[in-house]
1. If you check Glu102, Glu147, which single one turns out to be modelled with pLDDT of 95 or more and over 15 Å from Val26 (Cα atoms)?
2. Check whether at least one residue in the stretch 119-136 is assigned to a loop (DSSP other than H, G, I, E, B), at pLDDT below 85 and closer than 15 Å to Val25 by Cβ, and report yes or no.
3. When you go through Arg56, Arg79 one by one, which is the residue that is out of contact with any strand residue (DSSP E or B) (no Cβ under 8 Å at 6 or more places or on another chain) and touching a residue at least 40 places away in the same chain (Cβ under 8 Å)?
4. Can you tell which of Val62, Val50, Val97, Val3 is under 18 Å from Lys158 (Cα atoms), exposed (fewer than 15 other Cβ atoms within 10 Å of the Cβ) and in contact (Cβ under 8 Å) with a residue 12 or more places away in the chain?
5. Tally up the residues in the stretch 82-96 that are within 11 Å of the chain's Cα centre (by Cα) and over 13 Å from Gly39 (Cβ atoms), please.
Amino acid sequence: MIVFQGSEDLSRFLESAIAPGETVVVGLGSELRCDDGFGSYVAVALSNIVSRYSQRDCVEVVNAGTAPEAYLGVLSNKRVVILVDAVLVQLEPPSLVVLRKEEIPPQGTSLSTHSLDLKLLLDLIGGEVYLVGTRPQCLELSLGVTEPVARAIREVIKAFLEALKNLHCIKTV
């Protein structure tokens, strides 16, 4: 697990992880469960920016919500899969973490906030898989996110934008 305190170091990591034309960013989470919507909010914002400012087909962005299995075809056709999700780690937001595929624990010890065992899904995906996340403070039924998670969302979007600019995937936003 790699811990980041801001967008600058995460941006450098993402720049090294993204394979232009062969990467999908997948937002996970339920926007109805407060901070669990972290990944979905990132995916929606990033998708809007990429569709507007993309200079080439560098990354695909999908908001899988609570049904990532519905995107198995997309996930299995990419060399790099970057999941964005709320994760149960012992760090306070807006601290950010990156887990590699092999660091995502099996069912029963999952760091995910979802009932779906991500490890099972990831075993069906070849290639490199990373999970970018922050710790949720609220998982109750509620729209919107807490302020610390909102800051984490902004940091992740900023990191992706910087990485995509450096890879010449998007014009200056």
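The values are calculated or read from the model by the stated rules, or taken from the named source; none is laboratory data. Keep in mind that what you see is a predicted model, and the values were worked out from it rather than measured. Heads up, the Cβs are rebuilt from the backbone with ideal geometry, glycines too, and the neighbour counts pull from every protein chain shown.
1. Unique residue meeting the criteria: Glu147.
2. Of the stretch 119-136, the ones assigned to a loop (DSSP other than H, G, I, E, B) are 124-127, 135-136.
Adding the requirement that they be at pLDDT below 85 leaves 124-126.
Those still in the list that are closer than 15 Å to Val25 by Cβ too: 125.
Scanning the stretch 119-136 turns up at least one residue that is assigned to a loop (DSSP other than H, G, I, E, B), at pLDDT below 85 and closer than 15 Å to Val25 by Cβ.
3. Details: Arg79 fails: out of contact with any strand residue (DSSP E or B) (no Cβ under 8 Å at 6 or more places or on another chain).
Exactly one residue qualifies, and that residue is Arg56.
4. Numbers: Val62 fails: exposed (fewer than 15 other Cβ atoms within 10 Å of the Cβ); Val50 fails: exposed (fewer than 15 other Cβ atoms within 10 Å of the Cβ); Val97 fails: exposed (fewer than 15 other Cβ atoms within 10 Å of the Cβ).
When all the criteria are applied, what remains is Val3.
5. Within the stretch 82-96, the subset within 11 Å of the chain's Cα centre (by Cα) is 82-87, 96.
Filter again for over 13 Å from Gly39 (Cβ atoms), leaving none.
Residues in the stretch 82-96 being within 11 Å of the chain's Cα centre (by Cα) and over 13 Å from Gly39 (Cβ atoms): 0 in total.
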